[in-house]
Amino acid sequence: MELAAFKASIATLDLFMAQCYANVDDLDKGRQMPVHYGSKDLNFVTISSPLATQIPQAAGAAYAVKRENTNRAVICYFGEGDAHAGFNFSATLECPLFFCRDNGYAISTPTNEQSRGDCIAARGPGYGMMSIRVDGNDVFAVYNATKEARRRAVAENQPFLIEAMTYRIGHHSTSDDSSAYRSVDEVNYWDKQDHPISWLRHYMTARSWWSKELEEAEP
């Protein structure tokens, strides 16, 4: 999600790779870990490794934007459970936009073993926040939900919580072996059937914008 937002901010893939390799074109000048990109000029706060650090940071940034009375909103992407303080602060001051990626696992622990109740979106009203749960594998559902949430955040000064349900196909990190806690069949199902690219392929094929022949003809 963050990379898509970074790219949408007119950042180039060259800048992204420059940050990964910490070369001369790196906007962070080699001071950050790989894939921890950010840009002051693009209003993109650098990614933080400590769990949920970005949530109170986003709440503070959104409060500043609100006080400046500018036509802007702050969106915070996260996937952790350490969000209570940020949610409460933000709901009280009525300012930020949260985006939770629920990919089914917290490293090796399945979502259904992490918490009781109906996951994250159902907790929004308890803080006084509007919330919505969408299929995170559906590009259009994510786009429409984010667009409407931003509109409300800016026009109505209301916090908004989006929970995108998806699946982590890869390992958590290079030191993680996910085959120790989930089956290969499970991963293959999500990779082939319930995947953002698969959904988009079905959508385009149904409208005759794509076909098996075109796909096989592509280099």
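We did not get these values from a lab; they are worked out from the coordinates using the rules stated. It should be emphasised that the depicted structure is a prediction, and the values quoted were computed from it without experimental measurement. Positions of Cβ are generated from backbone atoms using ideal geometry, with glycine treated the same way; all protein chains shown enter the neighbour counts.
Data for the structure
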read-out	value
Most mobile listed residue (Leu161, Leu93, Leu13) in the chain, GNM with C-alpha springs under 10 Å	Leu13
Check: the stretch 7-147 dipole with +1 on Lys, Arg Cβ and -1 on Asp, Glu Cβ, in debye	340 debye
Most positive-pole-ward Cα, Ile75, Val154, Ala164, against dipole of the chain from beta carbon charges	Val154
Antiparallel DSSP beta bridges within the chain, percent to nearest 5	15 percent
Translational diffusion of the chain, µm² s⁻¹ [Kirkwood Rh, Cα pairs; Stokes-Einstein; 25 °C; 0.890 mPa s]	128 µm²/s
Highest-MSF residue in the chain out of Arg67, Arg152, Arg101 [GNM, Cα springs under 10 Å]	Arg67
Under 5 Å, built H, 5+ apart or other chain: amide partners of Tyr77	Phe99
Selected from Thr166, Thr12, Thr53 as most flexible by GNM, with the chain as the system and alpha-carbon contacts under 10 Å	Thr12
